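What follows is a short report on a single structure.
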């Protein structure tokens, strides 16, 4: 029996391996602003033509990365770029972006709005198609994350049904112009990041537990009852195969971001919603056949997180996990096999992480920098690019 059969049969966890690899909430004016920005920017921000250097860079797939950023002049874009910061192409966005999901075989990408945004931008990493924009339906907004089906024909996006305080996974038909064709429960409230398991059928969902409504900004409305979960969902039926909780003492630690290591364990980082002076554990792991557990980090590491882990990423071998905190200005590296802390690097306003080579990481920050770092490397992370006045957003993807 396969490990994913074990998950479907109700076992508490299953081994996972991830290869390297509408309308707004009632503001018609907001929607019209988005539409005008799309019409004005889609054509202009399309590939004005790839230069020879850009074409050469695209042939070296491991040197390309994708991330959203805010430009010095205030414009928002999603960019395909080289490790040394040269843009291959950019696509204009109507507002701040968050994460990007990539289907490697087709080269399709989707950049999602930061919550509570309602837009998503679909584009081709190779510049072979014009960008296409679509929206969450009325009464929903995106949480900034999504994932393609293995064949690239469907897109799954985390959504908030904010009038009812429920989390959903929206299903979009890629070949039909990203037409929304259905949804199913995320298994909790406030679903944030979603990953596709290697069986091609199971979704791993980080339900943050935080109920929010666009009318109240980013205020958490359900602190007394907040309950984050880590859910396994059959994407073909919507059945919830398993739904893990952290425990009563970690009820206010919202599970936000995830990565999967080389042994198949799911790593996750949390955003704490309790007192600012508290210093709870924020990084954990869920292994096959076990409940999720938080690692014990020393006080100086916890202070450096400042109650928020903004990104979780495995290196190229899956042997090291990086966890970043823009609030605390640090990246902490963990040995995947043992949970031991390997080192920490200080980078102001850092968040985006992507594998660099086999063992390193590329880091982006809110000051427009790109830096290369390795656990236990001598000296500070090495700056490889600086875009004056720009601000990289929270996540980065290696092509």
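Bear in mind that the values in this text are calculations on the coordinates, not laboratory data. This structure is a prediction, so every number in the text was calculated from the model and none was measured. Methodologically, a virtual Cβ is constructed for each residue, glycine included, from the backbone with ideal geometry; neighbour enumeration extends over all protein chains shown.
The calculated pair-distance distribution of region 179-252 uses every alpha carbon pair, bins of 10 angstrom beginning at 0, and gives 20, 44, 29, 7, 0 percent. When you count the other C-beta atoms within 10 angstrom of each residue and take the mean per peptide, 352-358, 148-154, 323-329, 239-245 line up highest first as 323-329, 352-358, 239-245, 148-154. At residue 359 and residue 338, where each label point lies 7 Å from the Cα along Cα→Cβ, what is the point-to-point distance in nanometres? So the two model labels end up 1.6 nm from each other.
Label-to-label distance, residue 275 versus residue 386, with points set 7 angstrom from Cα along the beta-carbon direction: 4.1 nm. The slack between residue 218 and residue 299, meaning 0.36 nm per residue of separation minus the straight C-alpha distance, is 26.4 nm. For residue 225 and residue 176, the difference between the fully extended length at 0.36 nm per residue and the C-alpha to C-alpha distance is 13.7 nm. Dividing the mean sequence gap of close Cα pairs (under 8 Å, 6+ apart) by how many residues region 258-399 holds gives a relative contact order of 17 percent. Spin-label model, residue 72 to residue 130: label points 7 Å out along the Cα-to-beta-carbon direction sit 3.1 nm apart. Can you classify region 258-399 as rounded, prolate or oblate using the Cα gyration tensor, where a ≥ b ≥ c are the square roots of its eigenvalues, rounded means a/c under 1.5, and otherwise it's prolate if a/b beats b/c and oblate if not? It is oblate, given that a/c is not under 1.5 and a/b is not larger than b/c.
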